[in-house]
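In what follows, a structure is listed as structure tokens, so that the remarks can point back to it.
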Amino acid sequence: MPPKTIIFNSSHNPGSGSGAESPRADRIPIIAANWKMNKTVEETMQLLEQMVDDLDVLDEVDKVICPPFVALYSAIEILEDTDIALGAQNMFWEDAGAFTGEISPIMLRELVDFVIIGHSERRQYFGESDADVNRKVKAAIRNDITPIVAVGENLLQNQAGQTEQIVTSQLRQGLEGVPALDAAGLVVAYEPIWAIGTGLACEPTQANGVASILRRTLTEIFGQETAQAIRIQYGGSVNSKNIADFMAQPEIDGALVGGASLDAAEFVRIVARTQEVYARRGR
């Protein structure tokens, strides 16, 4: 359970969402595994081999695996001939140049379909700004890589009732100048920083309320049709025990999974339970 001091400050009922208007059945759930700075090349191959067959048969859910950069090429060999997509955890916004240690979208576009942009750990530890996120989003789209754009508030911001202010500002600045035509395919991940790796998952209805705010903001930026096509994930201490509650929410279309995705059986259970909820909704 999240800390009792957490305050949700929004003009919307956080439990209501906008499900009555949302063509939820048209948005295929998407579960992405963010392995962060874990697993060598050999360990990556072993972990993928433990889960690939079980994941591949769960065809009602889009699955994305985001291993470290050094393991991407090896992962391609294992994921070949499956419907499991490969993603990167980050990238730079320039196509080439004197940027020692960076990975460009041109280097990635032959390897991956997705890239995580704006994760709180990138913002916190590496000083990435909303302007940096914006440049990366545009670079990804320009190179036919689907961005998973992460937004989220820290604990002090949440307790101060600033959740809506923070996430809408991050979203607006991160997507500034992106044409609606290019935006429909992107993914937004709401990751409350206080829930990442802490075991304190956000309450599902609260997460749905933030997702509703994000979709309202997307509507203001891109129009209703595009906003309804964009998938919104929840991330932050997601596991097989709580995923069904999150996926039952009308505005949550998937999850960005951290630590639980490093356990093959657990990650398969998360995807399987997501598919069960999706099937119960009916299409």
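Can you confirm whether the range 274-281 contains a residue that is closer than 26 Å to Leu86 by Cβ, surrounded by 20 or more Cβ atoms within 10 Å (Cβ to Cβ) and of a type in the set (Asp, Glu)? For the range 274-281, residues closer than 26 Å to Leu86 by Cβ, surrounded by 20 or more Cβ atoms within 10 Å (Cβ to Cβ) and of a type in the set (Asp, Glu): absent.
When Ala150, Ala189 are screened for being outside any helix (DSSP H, G or I), touching a residue at least 60 places away in the same chain (Cβ under 8 Å) and either among the acidic types (Asp, Glu) or in contact with an Asp or Glu (Cβ under 8 Å, 6 or more places away or on another chain) (or both), only Ala150 passes.
Within the range 86-105, residues that are without any contact (Cβ under 8 Å) to a residue 12 or more places away in the chain reach no partner that is in a loop (DSSP other than H, G, I, E, B) and among the acidic types (Asp, Glu) with beta carbons closer than 6 Å at six or more positions or on different chains.
Taking the criterion of being exposed (fewer than 13 other Cβ atoms within 10 Å of the Cβ) and either within 18 Å of Leu47 (Cβ to Cβ) or β-branched (Val, Ile, Thr) (or both), the residues of the range 65-103 that qualify are Val70, Tyr73, Glu77, Glu80, Thr100. Please specify each residue of the range 217-232 satisfying the condition of being part of a helix (DSSP H, G or I), buried (at least 19 other Cβ atoms within 10 Å of the Cβ) and of a type outside the set (Ser, Thr, Tyr). Answer for the range 217-232, where residues must be part of a helix (DSSP H, G or I), buried (at least 19 other Cβ atoms within 10 Å of the Cβ) and of a type outside the set (Ser, Thr, Tyr): Leu218, Phe222, Ala227, Gln228. If you go through the range 233-283 and keep only what is more than 16 Å from Gly152 (Cβ to Cβ) and outside any helix (DSSP H, G or I), you end up with Asn239, Ser240, Lys241, Asn242, Ala248, Gln249, Pro250, Asp253, Asp263, Gly282, Arg283.
Yes/no per residue for (1) of a type in the set (A, V, I, L, M); (2) modelled with pLDDT under 95; (3) touching a Ser or Thr at 6+ places or on another chain (Cβ under 7 Å); (4) not in a loop (DSSP other than H, G, I, E, B):
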{"position": "Asp59", "(1), (2), (3), (4)": "no, no, no, no"}
{"position": "Asp95", "(1), (2), (3), (4)": "no, no, yes, no"}
{"position": "Glu128", "(1), (2), (3), (4)": "no, no, no, no"}
{"position": "Val137", "(1), (2), (3), (4)": "yes, no, no, yes"}
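Being of a type in the set (Gly, Ala, Ser) and crowded, with 24+ Cβ neighbours inside 10 Å holds for only one residue in Ala184, Ala160, Ala189, and it is Ala189. Do we have any residue at all in the range 204-215 that's modelled with pLDDT under 95, surrounded by 24 or more Cβ atoms within 10 Å (Cβ to Cβ), under 24 Å from Gly161 (Cβ atoms) and of a type outside the set (Lys, Arg)? Taking every residue of the range 204-215 in turn, none turns out to be modelled with pLDDT under 95, surrounded by 24 or more Cβ atoms within 10 Å (Cβ to Cβ), under 24 Å from Gly161 (Cβ atoms) and of a type outside the set (Lys, Arg).
Among the conditions (1) out of contact with any Pro (no Cβ under 8 Å at 6 or more places or on another chain); (2) of a type in the set (D, E, K, R); (3) over 18 Å from Ile30 (Cβ atoms), Asp144 misses just one, which is (3). Within the range 61-93, the set of residues being assigned to a loop (DSSP other than H, G, I, E, B), out of contact with any Lys or Arg (no Cβ under 8 Å at 6 or more places or on another chain) and aliphatic (A, V, I, L, M) comprises just one member, Val61.
Within the option set Gly197, Gly177, Gly259, being modelled with pLDDT under 95 and either surrounded by fewer than 21 Cβ atoms within 10 Å (Cβ to Cβ) or charged (D, E, K, R) (or both) holds for one residue only, Gly197. Condition first: buried (at least 17 other Cβ atoms within 10 Å of the Cβ), of a type outside the set (Val, Ile, Thr), under 16 Å from Ile145 (Cα atoms) and in contact with a strand residue (DSSP E or B) (Cβ under 8 Å, 6 or more places away or on another chain). Can you find one or more residues in the range 51-64 that meet it? Scanning the range 51-64 turns up at least one residue that is buried (at least 17 other Cβ atoms within 10 Å of the Cβ), of a type outside the set (Val, Ile, Thr), under 16 Å from Ile145 (Cα atoms) and in contact with a strand residue (DSSP E or B) (Cβ under 8 Å, 6 or more places away or on another chain). In this structure, Glu153 qualifies as crowded, with 22+ Cβ neighbours inside 10 Å, among the charged types (D, E, K, R) and out of contact with any strand residue (DSSP E or B) (no Cβ under 6 Å at 6 or more places or on another chain).
The values are calculated or read from the model by the stated rules, or taken from the named source; none is laboratory data. This is a predicted model, so every value here is computed, not measured. Virtual Cβ from ideal backbone geometry, glycine too; neighbours counted across all protein chains shown.
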